[in-house]
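Visitor: Can you keep this structure in mind? I'll have questions shortly.
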Amino acid sequence: MITLLEKLVDGADGAYASKQDLRNLEHAMFSWSERKDAYQAVENNEKAIIDRAMILIQSSKTAPDGAMSPGTLNRCRRDMTLALRAYALGMLLQDEEMLKDRFLYWQKNVLQAMGLHHYQGVKFVLESICLELPEAQANLFKPYFKLGQELVMSN
């Protein structure tokens, strides 16, 4: 929404907003209540979502053999919590550009620096959202997680 508003303001510099810009803004406003409810559902269920994501990642084939160390588990929990909050804000504001600029580029750089070129942690966060929230709310998050996976995993 921030990017949408910036485009509207820039495009209307000295003129009226275009019909397309007004339609885009109307669409964003129309879906605000649903997005706000989904955002609040994630906020209210954050612990359950992250707990389930931790269980999913530990039981997956991508987890290292043997138990993860407490330090690794704590970092994983922290990183998934930060990701969940960033994706939730991107969805709330319906703003992929803001999500990219404020979180995804940073995440990609960190993962590359750590040599984690096939990191799948956020996949488990989305899977957990799909299990913890009603389907309609979970579906609002899917485009943002897809964007994240595409961007973070690209070279």
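Bear in mind that the values in this text are calculations on the coordinates, not laboratory data. These numbers were taken from a predicted model, which means no experiment stands behind them. Don't worry about glycine lacking a Cβ; one is built from the backbone with ideal geometry, like all the others, and counts go over all protein chains shown.
Visitor: Just to check, using Stokes-Einstein with a Kirkwood Rh over alpha carbon pairs, what's the diffusion coefficient of the chain at 37 °C and 0.692 mPa s in µm²/s?
Guide: 196
Visitor: Residue 61: which aspartates and glutamates have alpha carbons under 17 Å from its alpha carbon, excluding same-chain residues fewer than 8 sequence positions away?
Guide: 127
Visitor: Turning to a different aspect of this structure: Would you please put 20-32, 86-98 in order of how densely packed they are, using the mean number of other Cβ atoms within 10 angstrom per residue and starting with the highest?
Guide: 86-98, 20-32
Visitor: State the answer as a single residue: which of 73, 124, 28 lies farthest towards the positive end of the charge dipole of the chain, with beta carbon charges of +1 for Lys and Arg and -1 for Asp and Glu, about the Cα centre.
Guide: Final value for the positive-end residue is 73.
Visitor: On to the next question. Counting only C-alpha contacts under 8 Å and six or more residues apart, can you give the relative contact order of the chain as a whole percent?
Guide: Relative contact order comes out at 31 percent.
Visitor: Among the listed pairs 7/36; 19/146; 19/100; 7/100; 7/47, give every one whose C-alpha distance is greater than 25 Å.
Guide: Details: 7/36 22 Å; 19/146 29 Å; 19/100 27 Å; 7/100 17 Å; 7/47 36 Å.
Distance filter (> 25 Å) returns 19/146; 19/100; 7/47.
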